[in-house]
1. Can you pull out the residues in segment 23-40 that are buried (at least 20 other Cβ atoms within 10 Å of the Cβ) and over 14 Å from residue 140 (Cβ atoms)?
2. Does any residue of segment 11-29 turn out to be within 21 Å of residue 135 (Cβ to Cβ), over 20 Å from the mean Cα position of the chain (by Cα), in a helix (DSSP H, G or I) and modelled with pLDDT of 95 or more?
3. Under the condition of being in a loop (DSSP other than H, G, I, E, B) and within 14 Å of the chain's Cα centre (by Cα), which residue from segment 80-98 is nearest to residue 4 (Cα to Cα)?
4. Please determine whether any residue of segment 89-106 is farther than 25 Å from residue 45 by Cβ and either out of contact with any strand residue (DSSP E or B) (no Cβ under 6 Å at 6 or more places or on another chain) or surrounded by fewer than 19 Cβ atoms within 10 Å (Cβ to Cβ) (or both).
5. For segment 130-159, give me each residue that is surrounded by 13 or more Cβ atoms within 10 Å (Cβ to Cβ) and not in a helix (DSSP H, G or I).
6. Might you let me know whether segment 5-19 holds any residue that is surrounded by fewer than 21 Cβ atoms within 10 Å (Cβ to Cβ), in contact (Cβ under 8 Å) with a residue 12 or more places away in the chain and in contact with a strand residue (DSSP E or B) (Cβ under 8 Å, 6 or more places away or on another chain)?
7. For segment 99-116, state whether one or more residues are part of a loop (DSSP other than H, G, I, E, B) and in contact (Cβ under 8 Å) with a residue 24 or more places away in the chain.
8. Check residue 125 against each of (1) assigned to a helix (DSSP H, G or I); (2) farther than 17 Å from residue 13 by Cβ; (3) touching a helix residue (DSSP H, G or I) at 6+ places or on another chain (Cβ under 6 Å) and name the one condition it does not meet.
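The values are calculated or read from the model by the stated rules, or taken from the named source; none is laboratory data. It should be emphasised that the depicted structure is a prediction, and the values quoted were computed from it without experimental measurement. With ideal geometry, Cβ positions are generated from the backbone for all residues, glycine too; neighbour counts draw on all protein chains shown.
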């Protein structure tokens, strides 16, 4: 078995690179969705949601950079074109959403989709003792689960 410069199996690392690039593409779509709802939100809850969406897109931007850096650490090349992002995306693309509940629902469904991808990555990275990817993805999952809970509470829905 070939080992890369950080002590992980090359073949499994390439699989993780591919999965992380899928996560990266989906995060870029999530980020762009957040920008759109931040810009277009209207109504009585504007003053609550406008800054919340900004907080979320700033956080997503930081996570995008962390994912790309992990891809590089594993010996891969991060996806970086809009064509790549669309091709690898599995999330709903929100267009011209100005309604508060539709916007929050988009956040919830997007995070739920990201969590599915992240849990699959966590399973694979755990199998090869890739603690760097485990830690990164585990932290994302913890934060996103809390955000889903808060958004669903805002929507007055149960988990």
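1. Result: 25, 28, 29, 33, 34, 36, 37.
2. Yes - at least one qualifying residue is present in segment 11-29.
3. Filtering segment 80-98 for residues that are in a loop (DSSP other than H, G, I, E, B) and within 14 Å of the chain's Cα centre (by Cα), the one nearest to residue 4 (Cα to Cα) comes out as 89.
4. Checking segment 89-106: at least one residue is farther than 25 Å from residue 45 by Cβ and either out of contact with any strand residue (DSSP E or B) (no Cβ under 6 Å at 6 or more places or on another chain) or surrounded by fewer than 19 Cβ atoms within 10 Å (Cβ to Cβ) (or both).
5. 130, 155
6. Among the residues of segment 5-19, at least one is surrounded by fewer than 21 Cβ atoms within 10 Å (Cβ to Cβ), in contact (Cβ under 8 Å) with a residue 12 or more places away in the chain and in contact with a strand residue (DSSP E or B) (Cβ under 8 Å, 6 or more places away or on another chain), which makes the answer yes.
7. yes
8. With respect to (1) assigned to a helix (DSSP H, G or I); (2) farther than 17 Å from residue 13 by Cβ; (3) touching a helix residue (DSSP H, G or I) at 6+ places or on another chain (Cβ under 6 Å), residue 125 is out only on (2).
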